[in-house]
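Before any comments, here is the structure.
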Amino acid sequence: MDKKPIAFITGITGQDGSYLAELLLEKGYEVHGLVRRNSVLFNYARISHLHGSGEKERRVVLHYGDMTDPVSLTHILSNARPDEIYNIAAQSHVQVSFETPIYTALTSGIGVLNLIEAVRALKLNSKIYQASTSELYSGDKSEAPQNELTPFKPKSPYGAAKLYAFEIARIYRESYGMFITNGILFNHESERRGENFVTRKITLGIRDILLKKREYLTLGNLNARRDWGYAPEYVECMWKMMQQKNPDDFVIATGETHSVKEFADEACNLAGLDADKIIRVSDQYKRPNEVEYLCGDAAKARKILDWQPKVRFKELVKIMVTKELEGVGIKI
């Protein structure tokens, strides 16, 4: 009987990590995940169906550790000895990165070095996927659509930390012959998106307004334009990148761009609300340095990975609004 391939996912409790764990389990992997120990209840909601209380219910193996603790990473990897490592862990909220720049640099930047160096020191043959981001780009419309050759010029501590991670991954790939691939994923959303991200803030706000819990939905820059895709489709690309003969870097995007206002308008329309009457704008939610325009060119992924998005903007908004309202018994 063939041995199951072993995958190790950092950030397994997040949106991408949970979808990726499901995908890899379906493909017959033994899945391990990194979780941080803290003083509050564990945030296992997205993977509770994969990690039950009994041994027979546990479909994933979880390990306590932290990206800022290289000793814990080395210990975990020496025991799990994974064939594939998917590094999705990060402090990934752009606005928060302005408030916690050092923590963001340590987790999203130096943490990547800790992981890669642990793999090298242990002499593992693990393939590594590094989650990169469209926040590497400046958002200059004259450079859009952005692809793998577009110059990087991040505008936030998060983007800067991710640029370090991207480059250290490339350096280790070229210097030591390690299989490390960078996935430059543009915004990808789902009903599992974190509640402090704008798309989920919109759907949660609509839910609360319909439940009479609040009157208004307060947002920041309504004019920022993003290339929004559906997260389950994007984690499939992560896996596809890791199945290539040689490691490379790929932009994953839909090639369409829509403003925050467009997302809010579409979501409100689906819920039968007038966006102009319920949306308020607050400088509190505006970034000190905004990336105004992101639109990705995924031609390389289409050609090499044989991938293209199926869920488009309006369907994505409908999925998110429908799931949010179904959770409180409201049908649209």
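The values are calculated or read from the model by the stated rules, or taken from the named source; none is laboratory data. Bear in mind that the values here come from a model prediction, so they are computed numbers and not experimental data. We place every Cβ from the backbone using ideal geometry, glycine too, and count neighbours over all the protein chains shown. To get the accessible areas, we keep the full protein, side chains included, count just its heavy atoms, and leave off ligands, DNA and RNA. Shrake-Rupley method; radii C 1.70, N 1.55, O 1.52, S 1.80 Å.
Side notes on the structure shown:
- Flag if GLU195 is part of a loop (DSSP other than H, G, I, E, B) and open to solvent by 40 Å² or more (accessible area, probe 1.4 Å): yes
- Which listed residue is modelled with pLDDT of 95 or more, in contact with a Leu (Cβ under 6 Å, 6 or more places away or on another chain) and part of a helix (DSSP H, G or I), from SER72, SER78, SER18: SER78
- Residues located in the stretch 165-190, provided they are touching a residue at least 40 places away in the same chain (Cβ under 8 Å) and surrounded by fewer than 17 Cβ atoms within 10 Å (Cβ to Cβ): ARG170, TYR176
- Residue satisfying condition, being buried (at least 24 other Cβ atoms within 10 Å of the Cβ), among the polar types (S, T, N, Q) and touching a Lys or Arg at 6+ places or on another chain (Cβ under 7 Å), within set THR133, THR203: THR133
- Screening the stretch 214-332 for helices (runs of 4 or more DSSP H) wholly inside it with 1 or more residues that are open to solvent by 10 Å² or more (accessible area, probe 1.4 Å) and within 24 Å of ALA21 (Cα to Cα) returns the ranges 231-242, 299-304, 313-326.
- All positions within the stretch 111-130 that are crowded, with 19+ Cβ neighbours inside 10 Å and part of a helix (DSSP H, G or I): GLY111, VAL112, ASN114, LEU115, ILE116, ALA118, VAL119
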